[in-house]
Structures are given as C-alpha cells and as structure tokens.
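Since the structure comes first, as structure tokens, the remarks are kept for the end.
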Amino acid sequence: MTHAISRAVVAAGGKGTKMAPITRVVPKEMLPVARVPILEHLVHELRACEISDVLFVIASHKSQVPAYFGSGGAYGMDFSYRVQDGGAGPGAPVLDAETWAQGQPFVLAFGDNLIRPATGGWAPLRRLTHGEAAHCAVLTRVFPADEVPPHETILGAADPPRTVPSPYDVGFGSTGLDHTGARWVHACAARWMLTPFIYEALRACAPRPNGELYLIDAVRRWIAAGNELRAVPLLPTELRFNCDNWETYADAVATLRT
C-alpha cells in the first residue's frame with residue numbers, strides 16, 4: 001500500500017515552565033539528548049517515515065529552532081515556521097497550520113516528546129501512517145488503568161500490551177472513548193495522523209475552563225459523527241520520553257546515551 005503522508009506539523013510552542021529557569025534561555029525542545037537536540041531526534045524520526053515537508057509552530061522566544069534547522073535542506077526536507085504566541089492548548093497549532101497543510105492529511109508531533117523504536121521492524125510512526133490516508137489515528141502507550149502517569153490523555157479500553165506490531169489495536173467508533181471498568185487503557189503518545197476534518201471540529205469546540213483548546217475534544221466530535229479513531233500502540237520494547245519535566249528528561253539522557 002502506498003505511503004501517502006508527506007507533511008508533518010510539529011507543535012513546539014510551550015513555555016517549558018516545569019523546566020525553568022534554563023528554558024528561559026534554551027527551549028526545552030532544544031535541550032540535548034545523546035548530543036543532539038530533542039527536536040533533531042524528531043526530525044530524523046519524520047525523515048525515516050518519508051515525511052518531506054514540516055511546519056514548526058513555535059513561540060516567538062524560540063528563535064533557536066529556525067536558526068538551528070534552517071530551511072531543512074541539510075536533512076533533505078523542506079522546513080517552514082509559524083510563530084504562535086496567542087494560541088493555547090494542543091489544538092491551537094493545528095488550526096494555525098490549516099493553510100499550510102493545503103487540505104492534505106498530516107502528522108501532528110509534539111516536539112518535546114522523544115520516541116525510540118525497537119531494533120528491527122517498522123518504526124512506530126510508520127505503523128501510524130501506513131494505510132488509508134482518510135483515517136484519523138493516534139500513537140498510544142498501553143497502561144494498567146491504575147498506573148497512568150499524571151497529565152496523560154486517556155482514550156479508551158485496551159487489551160494487554162502486545163509483543164509484536166499489528167496494523168492497529170482497536171478502532172474507537174460507536175463505543176466512543178469510554179474506559180470505565182477497564183483494566184488496561186490507551187493513552188496518547190504525542191503522535192497523531194489527522195485529516196482536514198480536524199479544522200472544522202476544532203472550531204466547533206469551546207475552550208476548556210483553563211482557556212485551552214484540546215485536540216481530543218475535536219476527535220470526540222469526529223467519532224460522534226460516525227467515524228473511527230485508530231489506536232496504534234507502542235510495543236513494550238519501544239520507548240517514549242515526554243521531556244517536559246526534569247525527571248523524564250534525565251531519564252532520556254541516561255537511557256539514550258548513544
């Protein structure tokens with residue numbers, strides 16, 4: 001089946017308050033892991049999945065990002081940049097990318113999250129994007145329901161973690177995202193495949209009480225309209241580091257020394 005996804009939006013506008021004061025000088029996405037910035041690991045992840053066009057949505061104080069990556073020519077890719085200071089929440093950078101995406105499906109990746117695939121086999125992002133481009137899909141990590149780390153977005157019930165990859169673990173459709181009583185659950189793992197439905201769905205969503213626009217609220221609208229969300233789980237041997245805090249960042253540095 002032809003690989004059809006060539007665009008990615010990288011959300012890298014967060015303030016990094018959990019890692020202050022250093023993030024007042026260096027964006028958290030530019031902190032080094034294995035001698036290169038976290039964001040460069042993501043660039044290589046995208047390139048390995050045949051993504052050629054990338055839009056970085058950044059805050060105005062993150063000038064180090066375009067200064068470091070430039071036009072993308074050094075990576076054989078085409079990089080664009082959009083400054084977003086007023087947007088809040090994970091849905092804001094998606095809306096800001098609407099004209100750039102030109103009506104095509106795209107990957108949404110959060111720039112402070114580092115994913116290391118297992119040796120051999122298809123990388124997680126390739127599993128996510130492989131298939132029909134009309135799907136909405138999300139990379140997930142399967143957790144015991146009572147051991148989900150704080151601030152993770154829970155999607156729905158899951159089977160116990162698999163040791164071999166599959167096209168997808170479950171399709172959340174008519175049953176919605178209810179995980180009541182589940183022993184295992186899917187939690188978002190910072191990589192999405194989205195189609196143009198997302199723009200209208202986001203505009204129809206009211207911000208949460210904290211003023212932020214949440215991507216998952218728009219996805220729930222997608223499901224309620226009779227569509228399916230594919231959940232593509234990370235394997236137990238695949239690593240994900242949400243480097244928005246010192247503890248996880250230190251774990252990434254210690255684990256990924258080379």
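Which ones in the range 198-220 are under 17 Å from the mean Cα position of the chain (by Cα), aliphatic (A, V, I, L, M) and farther than 16 Å from Ala137 by Cβ?
Leu202, Leu213
On the basis of being farther than 30 Å from Arg127 by Cβ, touching an Asp or Glu at 6+ places or on another chain (Cβ under 7 Å) and of a type in the set (Gly, Ala, Ser), does Ala20 make the cut? Break it down into steps so the answer makes sense when it comes.
Values: farther than 30 Å from Arg127 by Cβ: yes; touching an Asp or Glu at 6+ places or on another chain (Cβ under 7 Å): no; of a type in the set (Gly, Ala, Ser): yes.
Here the answer is no, as Ala20 does not meet what is asked.
Within the range 221-243, is even one residue of a type in the set (S, T, N, Q), over 20 Å from Phe143 (Cβ atoms) and exposed (fewer than 15 other Cβ atoms within 10 Å of the Cβ)?
Initially, the range 221-243 is screened for residues of a type in the set (S, T, N, Q), giving 227, 237, 242.
Remaining after also requiring over 20 Å from Phe143 (Cβ atoms): 227.
Then drop every residue that is not exposed (fewer than 15 other Cβ atoms within 10 Å of the Cβ), which leaves none.
Scanning the range 221-243, I find no residue that is of a type in the set (S, T, N, Q), over 20 Å from Phe143 (Cβ atoms) and exposed (fewer than 15 other Cβ atoms within 10 Å of the Cβ), so the answer is no.
Provide a single number: the residues in the range 114-158 that are of a type in the set (S, T, N, Q) and surrounded by fewer than 22 Cβ atoms within 10 Å (Cβ to Cβ).
Looking only at the range 114-158, we keep the residues that are of a type in the set (S, T, N, Q), and these are 119, 129, 140, 153.
Now drop any that are not surrounded by fewer than 22 Cβ atoms within 10 Å (Cβ to Cβ), which leaves 119, 153.
The total comes to 2.
Any chance you could count how many residues in the range 224-258 are part of a helix (DSSP H, G or I) and in contact with a Phe, Trp or Tyr (Cβ under 6 Å, 6 or more places away or on another chain)? Steps first, answer last, please.
Step one: of the range 224-258, the residues part of a helix (DSSP H, G or I) are 224, 246-255.
From what's left, in contact with a Phe, Trp or Tyr (Cβ under 6 Å, 6 or more places away or on another chain): 248, 252.
So the count comes out to 2.
Tally time: how many residues in the range 109-148 are of a type in the set (Phe, Trp, Tyr) and over 12 Å from the mean Cα position of the chain (by Cα)? Steps first, please.
Residues of the range 109-148 of a type in the set (Phe, Trp, Tyr): 110, 122, 143.
Now drop any that are not over 12 Å from the mean Cα position of the chain (by Cα), which leaves 122, 143.
Residues that pass the stated criteria total 2.
If His41 satisfies every condition in (1) of a type outside the set (Asp, Glu); (2) under 27 Å from Thr255 (Cα atoms); (3) not in a helix (DSSP H, G or I) but one, which is the exception?
Among (1) of a type outside the set (Asp, Glu); (2) under 27 Å from Thr255 (Cα atoms); (3) not in a helix (DSSP H, G or I), the lone unmet condition for His41 is (3).
In the list Gly86, Gly70, Gly14, which residue meets the criterion of being at pLDDT 95 or above and surrounded by fewer than 22 Cβ atoms within 10 Å (Cβ to Cβ)? Talk me through it step by step, then tell me what you get.
Details: Gly86 fails: at pLDDT 95 or above; Gly14 fails: at pLDDT 95 or above.
Unique residue meeting the criteria: Gly70.
Inspect all residues belonging to the range 94-111 and state whether any of them is among the β-branched types (Val, Ile, Thr), in a strand (DSSP E or B) and either at pLDDT below 95 or more than 24 Å from Arg203 (Cβ to Cβ) (or both).
Going through the range 94-111, the residues among the β-branched types (Val, Ile, Thr) turn out to be 94, 99, 107.
Applying the additional criterion that residues be in a strand (DSSP E or B) yields 107.
Now narrow it down to the ones that are either at pLDDT below 95 or more than 24 Å from Arg203 (Cβ to Cβ) (or both): none.
The answer is no; no qualifying residue exists.
So which residues in the range 17-37 are loosely packed, with under 15 Cβ neighbours inside 10 Å and of a type in the set (Ser, Thr, Tyr), if there are any at all?
Thr17
Quick one: in the range 206-220, of everything that is part of a helix (DSSP H, G or I) and hydrophobic (A, V, I, L, M, F, W, C), which residue is surrounded by the most Cβ atoms within 10 Å (Cβ to Cβ)? Talk me through it step by step, then tell me what you get.
Filtering the range 206-220 for residues part of a helix (DSSP H, G or I) gives 215-220.
Subsequent filtering for residues that are hydrophobic (A, V, I, L, M, F, W, C) retains 215-216, 218-219.
Working: Leu215: 24, Ile216: 16, Ala218: 24, Val219: 27.
So the residue we want is Val219.
Name the residue that is farthest from Ala11 (Cα to Cα), counting only residues in the range 186-204 that are surrounded by fewer than 17 Cβ atoms within 10 Å (Cβ to Cβ) and without any contact (Cβ under 8 Å) to a residue 40 or more places away in the chain.
Here the answer is Ala204.
Restricting attention to the range 205-256, which residues are basic (Lys, Arg), farther than 30 Å from Arg24 by Cβ and in contact (Cβ under 8 Å) with a residue 24 or more places away in the chain? Break it down stepwise before answering.
Of the range 205-256, the ones basic (Lys, Arg) are 208, 220-221, 230, 240.
When the remaining residues are screened for being farther than 30 Å from Arg24 by Cβ, the result is 220-221, 230.
Hits for the range 205-256 are Arg220, Arg230.
The values are calculated or read from the model by the stated rules, or taken from the named source; none is laboratory data. Note that the structure is a prediction, hence the values are computed from the model and not measured. All Cβ positions, even for glycine, are placed from backbone atoms using ideal geometry, and neighbour counts span all protein chains on display.
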